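The values are calculated or read from the model by the stated rules, or taken from the named source; none is laboratory data. The structure displayed is predicted, hence computed values, not measured ones. A quick note on method: Cβ atoms are made from the backbone with ideal geometry, for glycine too, and the neighbour counts reach across all protein chains shown.
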Amino acid sequence: MEFEEKTLSSKLIYDGIIVHLYKDEVVLPDGKNAAREVIRHQGAVCVTVIDDDKNVYLVRQYRYPFAAVTTEIPAGKLDAGETPLEGAKRELREETGIIADNYEYLGPLYTSPAIIDEVIHMYLATGLHFEKQDPDEDEFVEVIKINLNDLIQEINSGKIPDAKTQTAVLKAYLKYYCKS
């Protein structure tokens with residue numbers, strides 16, 4: 001079966017700082033036309049940071065869309081021309097002051113593939129060294145650490161609703177700590 005939709009036209013509706021909204025007209029596999037609204041995003045990274053004692057370093061910060069403080073792994077958008085690994089190293093240092101000896105790629109995460117083309121590149125960082133935080137001017141974060149097993153329980157109980165944190169932490173846990 002054919003699934004691909006072919007783009008006939010694309011019109012920029014909103015050109016924001018982080019997101020860019022387009023309204024596209026496509027041809028469906030059955031030949032009919034349809035409209036698609038797509039948010040274009042430059043991409044992002046997130047880092048599951050685990051020390052030798054199996055503690056995970058997270059950040060607590062206010063998230064405006066939810067009017068709440070969330071607990072998440074360090075993350076952020078990619079700068080223009082930056083590779084995902086460069087972005088992961090930069091975001092980790094800025095948000096937490098941590099520099100890691102080892103980074104392992106855990107894969108891509110499509111955050112909401114029906115409406116946004118954002119890809120978050122997930123990493124695991126180990127071999128940690130601690131320096132001073134250097135957050136962005138408009139970024140207010142608190143660094144906390146929690147034992148990996150306790151964090152898994154918090155994720156499973158619904159206390160950590162952030163998708164990138166759930167996915168990256170669980171992937172790191174399954175890959176490295178649940179070997180049979």
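Couple of notes before you dig in:
Yes/no matrix, rows are residues, columns are (1) of a type in the set (Ser, Thr, Tyr); (2) under 16 Å from THR165 (Cβ atoms); (3) free of Cβ contacts under 8 Å to residues at least 24 places away in the same chain:
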| position | (1), (2), (3) |
| --- | --- |
| ARG90 | no, no, yes |
| ALA114 | no, no, yes |
| ASP117 | no, no, no |
| GLU139 | no, no, no |
| LYS145 | no, yes, no |
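- The one condition from (1) more than 20 Å from PRO135 (Cβ to Cβ); (2) assigned to a loop (DSSP other than H, G, I, E, B) that ASP79 does not meet is (1).
- Residue within the stretch 21-38 that is in a strand (DSSP E or B) and within 20 Å of GLU82 (Cβ to Cβ) present: no
- When ARG40 is tested against (1) within 30 Å of LYS6 (Cβ to Cβ); (2) exposed (fewer than 11 other Cβ atoms within 10 Å of the Cβ); (3) not hydroxyl-bearing (Ser, Thr, Tyr), just one condition goes unmet, and that condition is (2).
- Each residue in the stretch 59-74 was checked for being aliphatic (A, V, I, L, M), farther than 19 Å from PHE130 by Cβ and either in contact with a Ser or Thr (Cβ under 7 Å, 6 or more places away or on another chain) or not in a loop (DSSP other than H, G, I, E, B) (or both), and 2 pass.
- Residues in the stretch 70-93 that are hydrophobic (A, V, I, L, M, F, W, C) and out of contact with any Asp or Glu (no Cβ under 9 Å at 6 or more places or on another chain): ALA80, LEU85, ALA88, LEU92.
- Cβ separations smaller than 9 Å between residues 6+ apart or across chains give the following pairs from the stretch 7-25 residues that are among the hydroxyl-bearing types (Ser, Thr, Tyr) to residues that are loosely packed, with under 11 Cβ neighbours inside 10 Å and in a strand (DSSP E or B): TYR22/LYS11; TYR22/LEU12; TYR22/TYR14.
- Positions within the stretch 125-148 being of a type in the set (S, T, N, Q) and either modelled with pLDDT of 95 or more or outside the structural domain of LYS77 (by TED's automatic domain parsing) (or both), in sequence order: THR126, ASN147
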